[in-house]
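Data first, discussion second: the structure below is written as structure tokens.
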Amino acid sequence: MKTATRQPVRAVDPESLRIVEGPGLYFPHHEFPCTGSRTGQLSRDRRVLRAMIRFENVTKVYDQKARPALDAINLEIDRGEFAFLVGASGSGKSTFLRLVLKEDRASSGAVYVAGQNVATISSWRVPRLRRGIGVVFQDFRLLPQKTVFANVAFAMQVIGKSRSVIRDTVPEVLKTVGLEGKEHRFPHELSGGEQQRVAIARAVVNRPGILLADEPTGNLDPTTSMGIMGVLDKINQNGTTVVMATHDDDIVNEMRKRVVELRNGVIIRDESKALYTSMIPVVGASRRLKDASGREDTAPPATPGSEGAR
Amino acid sequence: MRLAFILGEIGGGLRRNLSMVVSVILVTFVSLTFVGAAGMLQLQINQMKGFWYDKVQVAIFLCSDGATSASCATGPVTEEQQANLQTLLESAAVTQYVNDFTFESQDDAYRHFTEQFANSPIVDSVTPDQLPSSFRINMEDPEKYQVISEIFSSQPGVETVIDQRQLLEQLFTVMNGASLVAVLVAGVMIVCAILLIATTIRLSAFSRRRETGIMRLVGASKTVIQLPFILEGVIAAVVGAALASGTLWAVSKFFLGDYLSQQYPDTAFISPGQTLLLAPALLILGASLAGISSLLTLRKYLKV
């Protein structure tokens, strides 16, 4: 416990965000044994370090006159967790993802990624933060003039990986997402599902600790979507924390993972192994509802006072 | 690897934006040619100053038959007046300002005149009598012309004291004016170049926003994202600067060197080698113009 308080993390170490593949998966949080977290009170510093993504009372205001996009959000997503972010358009899902990537600054409150308050990351270190985070979008965002291989290799080239490392890694990742033998196709020669697999391969090729997916199945039919979910699940199994914003109720109901529901910038539900729509009628404030939702092993929205609940 | 990647990006960008790149090259070429022309004029002025100031300085023209000025009312200079002047020139009051002096007789003057205007019919109508004899003074300090002028102007037998530098100064004024015009034109052209480079880089950044967006997301550093764009502008500007240097060199070699120096064999023109001294300055100027304007543009249009 003391070690954690004595060593405040000042800079994001990209290694702490990265997952090393292989039999001995590297979980940086092993330094902070889970047993301790279950048995006793954790110091705040330690909780900050253990969580992969942690929002502390985060408010984001785009327009002073309108309501905040995010309103005093407290949320903690642990390393290796798989969480759905659900809610209507405009509920704050995309803002949440943007804050994690430091595309925007929180108006107030603190966002921690891998134990580091992103507000303290200097602009020239932001790329290092982003190397630890993979992102997938609804519209794939592939480069149309590049082949599948080149699209995935691009993500490695631009951060200066050597040609031999690229040659070794890309086929491996393409295999993980189920695109073996399609290295030399162009994006327009692929189906939507396959294109999204390429995008996922690109997002995880640098072994990020976090994968953010912004409605990755929004353009896909249900069967293809389930295939994509299989890929994301596999990546999650390998130790990557996955946060997926989605409207797709079938998928959420099928996966039975943690569900965080946002409405008008407020978390109105945070359940583990949950369904797209809560089985409990949603009335009134969120905090009381969550307490009534009968969660077993989900982290509560992290307010320092509520930590004993875990 | 990263270098190869950046070079590839630059190549792609230049190819995709070819017409804009060509216009950037041409605009920097023209503007830097004007900058270089101004520089050449200044070099030429310095060259001529060095060449002439050693030779011509102050001339004391003595009264001749044709002299019309009031100081020559008594007729042409007498031998006695001339001897007095020579004594005065050798006196301590004057020698402190004078390196040395020579006497140019009317015959000497006529010979120089006929040499200088060998091809002109005016030679036939001039006789040695009409040309004034003179003392040619090489000054210790050319700026002390006033002292000599005051001492000698009022002496009998002196028609006029001329600082020949003043004749040259007129020429230099004209040349300075020309180089000022060149600098002004260059200034306008440089503004054009800066705006054009900014627009080109903006277009280039816009046409590649997909790539740069992905680069941002996967954590490419600012350098890797921005460098290709900046280098694109810099390369175009450097090509323009190289063309401008080449043009200036050609002007000094073929126009000054082969043509003008034959027309005016007495005049020392700058050599092509001297012109090439301007080339590094033009290259650096072009590169920094492009670099700075693309950097500022990117700051606005390419978020990293």
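The values are calculated or read from the model by the stated rules, or taken from the named source; none is laboratory data. The shown structure was predicted, so the numbers you read here are calculated from the model rather than taken from an experiment. Here Cβ is always computed from backbone atoms with ideal geometry, including for glycine, and neighbour counts include all displayed protein chains.
Filter segment B:1-30 for residues that are at pLDDT 85 or above and among the polar types (S, T, N, Q); which is farthest from B:Leu203 (Cα to Cα)?
Within segment B:1-30, the match that is farthest from B:Leu203 (Cα to Cα) is B:Thr28.
Please enumerate the residues belonging to segment A:208-222 that are surrounded by 21 or more Cβ atoms within 10 Å (Cβ to Cβ) and not in a loop (DSSP other than H, G, I, E, B).
Once the filter is applied, which keeps residues that are surrounded by 21 or more Cβ atoms within 10 Å (Cβ to Cβ) and not in a loop (DSSP other than H, G, I, E, B), segment A:208-222 yields A:Ile210, A:Leu211, A:Leu212, A:Ala213.
Considering only residues that are in contact with a Phe, Trp or Tyr (Cβ under 9 Å, 6 or more places away or on another chain) and surrounded by fewer than 17 Cβ atoms within 10 Å (Cβ to Cβ), which ones fall in segment B:148-166?
Within segment B:148-166, just B:Gln166 meets the criteria.
Return a yes/no flag: does segment A:80-94 have any residue that is of a type in the set (S, T, N, Q) and either over 24 Å from A:Thr246 (Cα atoms) or modelled with pLDDT under 50 (or both). Spell out the reasoning first.
First, pick out the residues of segment A:80-94 that are of a type in the set (S, T, N, Q): A:89, A:91, A:94.
Of the ones still in play, those that are also either over 24 Å from A:Thr246 (Cα atoms) or modelled with pLDDT under 50 (or both) are none.
Checked segment A:80-94: no residue is of a type in the set (S, T, N, Q) and either over 24 Å from A:Thr246 (Cα atoms) or modelled with pLDDT under 50 (or both).
What number goes with the only condition from (1) over 27 Å from A:Val204 (Cα atoms); (2) modelled with pLDDT of 85 or more that A:Thr5 does not pass?
With respect to (1) over 27 Å from A:Val204 (Cα atoms); (2) modelled with pLDDT of 85 or more, A:Thr5 is out only on (2).
Can you list the helices (runs of 4 or more DSSP H) lying wholly within segment B:189-297 that have 2 or more residues being in contact with a helix residue (DSSP H, G or I) (Cβ under 9 Å, 6 or more places away or on another chain), among the aromatic types (Phe, Trp, Tyr) and crowded, with 21+ Cβ neighbours inside 10 Å? I'd like the intermediate steps shown before the answer.
Details: elements: B:209-217, B:222-250, B:272-276.
Filter on segment B:189-297 gives an empty set.
Condition check: over 30 Å from B:Ser125 (Cβ atoms), aliphatic (A, V, I, L, M) and touching a strand residue (DSSP E or B) at 6+ places or on another chain (Cβ under 8 Å). Does B:Leu32 satisfy that? Give the derivation first.
Details: over 30 Å from B:Ser125 (Cβ atoms): yes; aliphatic (A, V, I, L, M): yes; touching a strand residue (DSSP E or B) at 6+ places or on another chain (Cβ under 8 Å): no.
So B:Leu32 does not fit the description; no.
Okay, residues lined up against (1) of a type in the set (Asp, Glu); (2) modelled with pLDDT of 90 or more; (3) more than 16 Å from the chain's Cα centre (by Cα):
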{"position": "A:Val231", "(1), (2), (3)": "no, yes, no"}
{"position": "A:Arg256", "(1), (2), (3)": "no, yes, yes"}
{"position": "A:Arg263", "(1), (2), (3)": "no, yes, yes"}
{"position": "A:Glu271", "(1), (2), (3)": "yes, no, yes"}
{"position": "A:Ile280", "(1), (2), (3)": "no, no, yes"}
{"position": "A:Gly284", "(1), (2), (3)": "no, no, yes"}
{"position": "A:Glu296", "(1), (2), (3)": "yes, no, yes"}
{"position": "A:Gly305", "(1), (2), (3)": "no, no, yes"}
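Given the conditions (1) in contact (Cβ under 8 Å) with a residue 24 or more places away in the chain; (2) away from chain A (no Cβ under 14 Å), which single one is not true for B:Arg2?
Among (1) in contact (Cβ under 8 Å) with a residue 24 or more places away in the chain; (2) away from chain A (no Cβ under 14 Å), the lone unmet condition for B:Arg2 is (2).
Looking only at segment B:45-67, filter to residues that are touching a strand residue (DSSP E or B) at 6+ places or on another chain (Cβ under 9 Å) and part of a loop (DSSP other than H, G, I, E, B); which one of those is modelled with the highest pLDDT?
Checking each candidate, the answer is B:Cys63.
So in segment B:212-226, with the set limited to residues that are within 11 Å of another protein chain (Cβ to nearest Cβ) and in contact (Cβ under 8 Å) with a residue 60 or more places away in the chain, which one is farthest from B:Thr28 (Cα to Cα)? Give the steps one after another, and end with the answer.
Initially, segment B:212-226 is screened for residues within 11 Å of another protein chain (Cβ to nearest Cβ), giving B:212-225.
Narrowing the set further to residues that are in contact (Cβ under 8 Å) with a residue 60 or more places away in the chain leaves B:212, B:216, B:222, B:224-225.
Values: B:Thr212: 27, B:Arg216: 32, B:Lys222: 27, B:Val224: 26, B:Ile225: 25 Å.
In this case the residue turns out to be B:Arg216.
Consider B:Phe135 carefully, then state whether it is surrounded by 14 or more Cβ atoms within 10 Å (Cβ to Cβ), over 31 Å from the mean Cα position of the chain (by Cα) and in a helix (DSSP H, G or I).
On the way: surrounded by 14 or more Cβ atoms within 10 Å (Cβ to Cβ): yes; over 31 Å from the mean Cα position of the chain (by Cα): yes; in a helix (DSSP H, G or I): no.
So B:Phe135 does not fit the description; no.
Out of the residues in segment B:183-211 meeting the condition of being away from chain A (no Cβ under 14 Å) and polar (S, T, N, Q), tell me which one is nearest to B:Leu302 (Cα to Cα). Outline the logic, then answer.
Start the filter on segment B:183-211 by keeping residues that are away from chain A (no Cβ under 14 Å), which leaves B:183-206.
With the extra rule that they be polar (S, T, N, Q), the set shrinks to B:199-200, B:204.
Details: B:Thr199: 13, B:Thr200: 13, B:Ser204: 10 Å.
Ranking the qualifying residues of segment B:183-211, first place goes to B:Ser204.
Quick one: which residue in A:Gly181, A:Gly239 is more than 30 Å from B:Ser221 (Cα to Cα) and out of contact with any strand residue (DSSP E or B) (no Cβ under 6 Å at 6 or more places or on another chain)?
On the way: A:Gly239 fails: more than 30 Å from B:Ser221 (Cα to Cα).
That would be A:Gly181, the only listed residue that is more than 30 Å from B:Ser221 (Cα to Cα) and out of contact with any strand residue (DSSP E or B) (no Cβ under 6 Å at 6 or more places or on another chain).
Among the residues of segment A:176-197 satisfying the criterion of being part of a helix (DSSP H, G or I) and within 18 Å of A:Pro222 (Cα to Cα), which is farthest from the other protein chains (Cβ to nearest Cβ)? Even if it seems obvious, please write down each step before you answer.
Of the residues in segment A:176-197, the ones part of a helix (DSSP H, G or I) are A:176, A:187-189, A:192-197.
Still in the running and within 18 Å of A:Pro222 (Cα to Cα): A:192-197.
Numbers: A:Gly192: 18, A:Gly193: 20, A:Glu194: 18, A:Gln195: 14, A:Gln196: 15, A:Arg197: 16 Å.
Ranking the candidates gives A:Gly193 first.
Considering only residues that are hydrophobic (A, V, I, L, M, F, W, C) and touching a helix residue (DSSP H, G or I) at 6+ places or on another chain (Cβ under 6 Å), look in segment B:113-158 and name the one that is nearest to B:Glu169 (Cα to Cα).
B:Phe117
Does segment B:88-132 hold any residues that are closer than 19 Å to B:Asp65 by Cβ, surrounded by fewer than 14 Cβ atoms within 10 Å (Cβ to Cβ) and within 30 Å of the chain's Cα centre (by Cα), and which are they?
B:His112
Assuming B:Val35 fulfils every condition listed in (1) surrounded by 18 or more Cβ atoms within 10 Å (Cβ to Cβ); (2) more than 30 Å from B:Asp129 (Cβ to Cβ); (3) in contact with a Ser or Thr (Cβ under 9 Å, 6 or more places away or on another chain) apart from one, which condition is it?
(3)
Test A:Val118 against the stated conditions and say whether it is under 17 Å from the mean Cα position of the chain (by Cα) and hydrophobic (A, V, I, L, M, F, W, C).
Numbers: under 17 Å from the mean Cα position of the chain (by Cα): yes; hydrophobic (A, V, I, L, M, F, W, C): yes.
Here the answer is yes, as A:Val118 does meet what is asked.
Which fully enclosed strands (runs of 3 or more DSSP E) of segment A:55-157 have 2 or more residues being away from every other protein chain (no Cβ under 13 Å) and closer than 28 Å to A:Val198 by Cα? Outline the logic, then answer.
Numbers: elements: A:70-78, A:82-86, A:108-113, A:133-137.
In segment A:55-157, the matching strands (runs of 3 or more DSSP E) lie at A:70-78, A:82-86.
Go over the candidates A:Val231, A:Val205, A:Val243 one by one and state the one that is more than 14 Å from every other protein chain (Cβ to nearest Cβ) and either among the charged types (D, E, K, R) or buried (at least 23 other Cβ atoms within 10 Å of the Cβ) (or both).
Values: A:Val231 fails: either among the charged types (D, E, K, R) or buried (at least 23 other Cβ atoms within 10 Å of the Cβ) (or both); A:Val205 fails: more than 14 Å from every other protein chain (Cβ to nearest Cβ).
From the options A:Val231, A:Val205, A:Val243, the qualifying one is A:Val243.
Tally time: how many residues in segment B:138-175 are over 28 Å from the mean Cα position of the chain (by Cα), closer than 20 Å to B:Asp65 by Cα and either aliphatic (A, V, I, L, M) or in a helix (DSSP H, G or I) (or both)?
4
Which members of segment A:145-184 meet the condition of being within 23 Å of A:Ser225 (Cβ to Cβ) and surrounded by fewer than 16 Cβ atoms within 10 Å (Cβ to Cβ)?
A:Lys175, A:Glu180, A:Gly181
Restricting the search to segment A:160-175, which residues are in contact with a helix residue (DSSP H, G or I) (Cβ under 6 Å, 6 or more places away or on another chain), facing another protein chain (nearest Cβ under 10 Å) and among the hydrophobic types (A, V, I, L, M, F, W, C)?
Quick first cut of segment A:160-175, residues in contact with a helix residue (DSSP H, G or I) (Cβ under 6 Å, 6 or more places away or on another chain) only: A:160, A:166, A:170, A:173-174.
Remaining after also requiring facing another protein chain (nearest Cβ under 10 Å): A:160, A:166.
Within segment A:160-175, just A:Ile166 meets the criteria.
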